[in-house]
Amino acid sequence: MEMSLEEFADRFSEIAGQYDDIHDSDEKPIYNACASLVVEHANPGPDDVVLDLGTGTGLIALALAEDAGHVVGRDISDGMIEQARSKDADRGFENVDFGYGEFRDPHYDGEVDIVVSNFALHHLPDEEKHEAIEAIADIGARRFVLGDAMFFGSPDPEEPLFDHGVDGATVGMLVDILTDVGFVVTAVERVHDQVGVLVAERSDEVPAYDPQEDQ
Ligand SMILES: C[S@@+](CC[C@H](N)C(=O)[O-])C[C@H]1O[C@@H](n2cnc3c(N)ncnc32)[C@H](O)[C@@H]1O
């Protein structure tokens with residue numbers, strides 16, 4: 001049964017206070033490895049504006065705040081946003097803004113250089129993933145780094161890594177959507193059979209292939 005956005009938001013708000021501690025022992029190292037790769041590939045400079053979609057309690061947004069010019073974290077769950085703001089206040093960053101926003105309507109009108117998202121897109125059914133990635137392309141950022149549940153092989157229904165609200169897509173399907181909307185996929189990181197990180201750059205930002213360089 002599909003959940004509405006409000007139901008998702010409420011579900012995350014209920015667990016927001018414990019969210020940073022709740023990943024069980026099997027999931028935690030995979031989640032941490034995925035988050036580290038998202039941060040590494042985002043690689044913002046001091047003038048870059050980063051938009052973190054499905055920011056949750058701000059793990060990725062706050063990790064990027066030291067290097068980026070400005071970081072905008074957006075989420076549908078008030079409880080998660082509250083946790084993110086409280087962590088931000090503890091760390092004293094002045095360049096981070098957390099607030100309500102949805103994949104297809106991030107509630108942010110400024111220029112964005114890099115979009116990131118970690119473990120959030122899988123909550124959308126496949127056709128909505130397509131709409132979400134289209135909306136991300138329309139933002140006009142030069143890079144989109146997506147860390148998420150994604151299937152590198154055929155998913156084994158007997159051994160799901162995650163059993164809670166995960167609607168994972170295949171890597172092939174995500175790469176096709178990213179390419180369709182005008183990105184070039186420049187890196188694919190496999191963290192686990194069911195988890196990976198895709199780096200997508202605007203095609204006009206990627207140098208054309210020069211066969212001479214291979215010689
Ligand atoms: C599993 S948490 C991941 C949070 C964070 N990115 C991290 O890596 O810890 C997923 C987050 O996505 C948010 N979310 C789910 N659907 C969303 C949507 N359509 N738009 C924006 N955020 C969404 C949830 O509220 C939740 O905070």
Would you pick out the residues in the range 121-157 that are within 15 Å of the ligand (Cβ to nearest atom), more than 12 Å from the chain's Cα centre (by Cα) and more than 26 Å from Glu7 (Cα to Cα)?
Ile139
Just a yes or no: is a residue in the range 80-99 on the phi < 0 side of the Ramachandran plot and touching a Pro at 6+ places or on another chain (Cβ under 8 Å)?
no
Return the pairs, sorted by first residue and then second, in which the second residue is among the charged types (D, E, K, R) and within 7 Å of the ligand (Cβ to nearest atom), the first residue lies in the range 45-56 and is touching a residue at least 60 places away in the same chain (Cβ under 8 Å) and over 29 Å from Ala9 (Cα atoms), the beta carbons are less than 8 Å apart, and the residues are 6+ apart or on different chains.
none
Among what's in the range 111-120 and is outside any loop (DSSP other than H, G, I, E, B) and more than 8 Å from the ligand (Cβ to nearest atom), pick the residue that is nearest to Val171 (Cα to Cα).
Val116
Taking the conditions exactly as written (farther than 29 Å from Val188 by Cα, more than 9 Å from the ligand (Cβ to nearest atom) and buried (at least 16 other Cβ atoms within 10 Å of the Cβ)), does Arg91 satisfy them or not?
no
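To keep it simple, each residue is scored yes or no on (1) in a loop (DSSP other than H, G, I, E, B); (2) out of contact with any helix residue (DSSP H, G or I) (no Cβ under 7 Å at 6 or more places or on another chain); (3) under 17 Å from Val197 (Cβ atoms).
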site: Pro29; (1), (2), (3): no, yes, yes
site: Asn32; (1), (2), (3): no, yes, yes
site: His41; (1), (2), (3): no, yes, yes
site: Thr55; (1), (2), (3): yes, no, yes
site: Ile60; (1), (2), (3): no, no, yes
site: Gly79; (1), (2), (3): no, no, no
site: Glu82; (1), (2), (3): no, yes, no
site: Arg85; (1), (2), (3): no, yes, no
Restricting the first residue to the range 125-141 and requiring it to be among the hydrophobic types (A, V, I, L, M, F, W, C) and outside any helix (DSSP H, G or I), which pairs with a second residue that is modelled with pLDDT of 95 or more and more than 14 Å from the ligand (Cβ to nearest atom) meet a Cβ separation below 7 Å and a spacing of at least six or different chains?
Ala141/Val112; Ala141/Asp113; Ala141/Ile114
Over the range 94-110, the set of residues closer than 11 Å to Leu51 by Cα, near the ligand (Cβ under 10 Å from one of its atoms) and out of contact with any Gly (no Cβ under 9 Å at 6 or more places or on another chain) is Pro106
Which ones in the range 11-29 are away from the ligand (no atom under 12 Å from the Cβ) and touching a residue at least 24 places away in the same chain (Cβ under 8 Å)?
Gly17, Asp26
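The values are calculated or read from the model by the stated rules, or taken from the named source; none is laboratory data. Everything numeric here is computed off the predicted structure, so don't read it as measured data. Ideal geometry is used to build each Cβ from the backbone, glycine not excepted, and the neighbour counts take in all protein chains shown.
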